[in-house]
Amino acid sequence: MKTVVVLTLIAAAFAGGYGYGRWYAKPARAGSAERQILYWVDPMHPWYKSDKPGVAPDCGMKLVAVYEGDKQPGQTAATNADNAVQVSPEKQQLIGVEYGTAEYENVTATVQAAARVTLDETRISKVQTRIEGWVDRVFADFTGKYVTKGEPMLTVYSPDALATEQEYLLALRARHMVHEGSMPGMGANMESLVDAAKKRLALWDISQLQIEEIGETGKTIENLTVFAPASGFITERNAFPKQHVTPDTVLYTVTDLGSVWVLADVFEYEAPNVRLGQGAKLTLDAAPGRVFYGRVNYILPQVDPNTRTLKVRIAFDNPGNALKPDMYGQVEFQTGGARRLVVPQSAVLDSGDRQTVFIDRGNGSFEPRAVKTGQQEGGRVEILSGLAAGERIVTSGNFLLDSESQLKAAVSGMSK
């Protein structure tokens, strides 16, 4: 009987405990069962994956486990499976996939532009005369001749100038007569007449030496000489013997080629890198191996609507006249160095309105990433946004990866 009672009490205790646990105990949390670890990743560079725990080889940080169903550290909407392309190692080898790294470099950028040698407009002189008449003799008798300042170029016969010379001589004689006579009160008036006649000769552009010659000899100069106003080459000639000339006639154009201008056509997207006072180097096809050094002295304010280029003017000294007008060459502007994030040029796929770089996510996964590019120099492209330093990128075979990505996107779009 005791045995039956003991067994009954044990059964009651067991049933009570079971019921309490069933009705009053807290329910087990979903997912509390041990989950499977897929792989380990670098928390700073989540594209680095490993099949075992440890530390990241690039930064030395402890790898973090990624469980089934977890969001990977560093994963964003841009790294989802819709954008990524999965390529097996065998296929990567077949299409020639190669890798590189986005990294900071000290870049010394240059801007190159086609250029043309032109005249320095501040060194151009026009030869004209203020008198109307006829050309008598011509000394500068061909285009391209070099003349020096003050050198005689031609003589002109002018009835108007000749009449003014005669008035000057009459004024000189009258003054002399007054001084020799007994009318001292008239001396001041005669001086005024002489000065007025002399001033009229000067207004006719007759030189002081010629005026003194008229006064000393007491004779008029029938053919007045026109002198070169500056040294240089005759680039235009309109003076010929017996030709009728007026003050509007441009007899010669004299250009000093000791300094020239070079006009460079800089593309509008490179124009912000060029500034006033900046140094420039000029090379010519006609003078291989020779380099000329100049400085930017003006930037024209308007872009050419046809070529989308901006004219930049550079001044060059021209000893020996090696730079001749209308020569063609190449100008290089040094824009200085700066630390920039760059990638190999082959890593960027440029469709015109969009630039794409493929990121290696590990385990055969590649993500297309839209980037914004800057300057290009020496096979390297500046990345303004879209990449971080240290990210592993595809530098070869990315065209086929892009085709694979677009095909995947097209199929995905058709299935929706």
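The values are calculated or read from the model by the stated rules, or taken from the named source; none is laboratory data. Computed from a predicted model, the values in this text were never measured in an experiment. Cβ atoms come from the backbone with ideal geometry, glycine included; neighbour counts cover every protein chain shown. We work out accessible area using only protein heavy atoms, side chains counted, and drop any ligands, DNA or RNA first. Shrake-Rupley method; radii C 1.70, N 1.55, O 1.52, S 1.80 Å.
Observations on the structure shown:
- Straight-line cross-link partners of Lys145 among the aspartates and glutamates, defined as a Cα under 12 Å from its Cα and at least 8 positions apart when in the same chain: Glu236, Asp256.
- Once the Cβ-Cβ distance of Ile95 and Asn306 is raised to the sixth power relative to R0 = 60 Å, the FRET efficiency obtained is 0.90.
- Of the trypsin sites (Lys or Arg not before Pro) in the stretch 236-275, those whose Cβ has at most 13 other Cβ within 10 Å and which sit in DSSP loop: Lys242, Arg275
- Per-residue extension of 0.36 nm, minus the Cα-Cα distance of Val250 and Leu162, leaves a gain of 29.5 nm for this segment.
- Length added when fully stretched, Ser346-Ser403, from 0.36 nm per residue minus Cα-Cα: 18.9 nm
- With the simple spin-label model, which puts each label point 7 Å out from Cα in the Cβ direction, the Thr220 to Asn273 separation comes to 6.9 nm.
- Label-point separation in nm, Arg137 to Tyr67, each point 7 Å along Cα→Cβ: 11.2 nm
- If you wrap the tightest convex hull around every Cα atom of the stretch 261-416 and split its volume per residue, you get 176 Å³.
- Taking every Cα-Cα distance in the stretch 134-181 and sorting them into 10 Å bins starting at zero, the pair-distance distribution P(r) comes out as 21, 27, 24, 18, 8, 2 percent.
- Backbone amide hydrogens, once placed in the peptide plane, bring Ile383 within less than 5 Å of Leu341, Val342, Val343, Gly374, excluding anything fewer than 5 places away on its chain.
- Long-range HN-HN contacts of Phe358 with modeled amide H, under 5 Å: Arg369, Val394
- Restricting the calculation to Cα atoms, every distinct pair contributes to the Kirkwood radius of the stretch 353-411, found to be 12.5 Å.
- Accessible surface computed residue by residue for the stretch 223-344, with neighbouring protein chains in place and a 1.4 Å probe, gives 52 Å² per residue.
- Cross-link table Lys49/Lys91; Lys281/Lys311; Lys281/Lys324; Lys126/Lys149; Lys281/Lys372, entries beyond 22 Å C-alpha to C-alpha: Lys281/Lys372
- Apolar share of the accessible surface for the stretch 258-349: 52 percent from carbon plus sulfur atoms, 1.4 Å probe.
- Extension gain, Thr118 to Ser385: 0.36 nm times the residue separation minus the Cα-Cα distance gives 92.0 nm.
- Pair Ser365, Ser50: separation of 7 Å Cα→Cβ label points (nm): 1.8 nm
- Ranked order, Phe358, Phe267 - accessible area, probe 1.4 Å, largest first: Phe267, Phe358
- If a spin label sat at a point 7 angstrom from the Cα of Asp265 along the line to its beta carbon, the backbone N atoms of the stretch 305-341 nearer than 11 Å would be those of 305-311.
- A cut-off under 11 angstrom between Cβ atoms defines the neighbours of Phe333, and their net charge, with Lys, Arg +1 and Asp, Glu -1, is +1.
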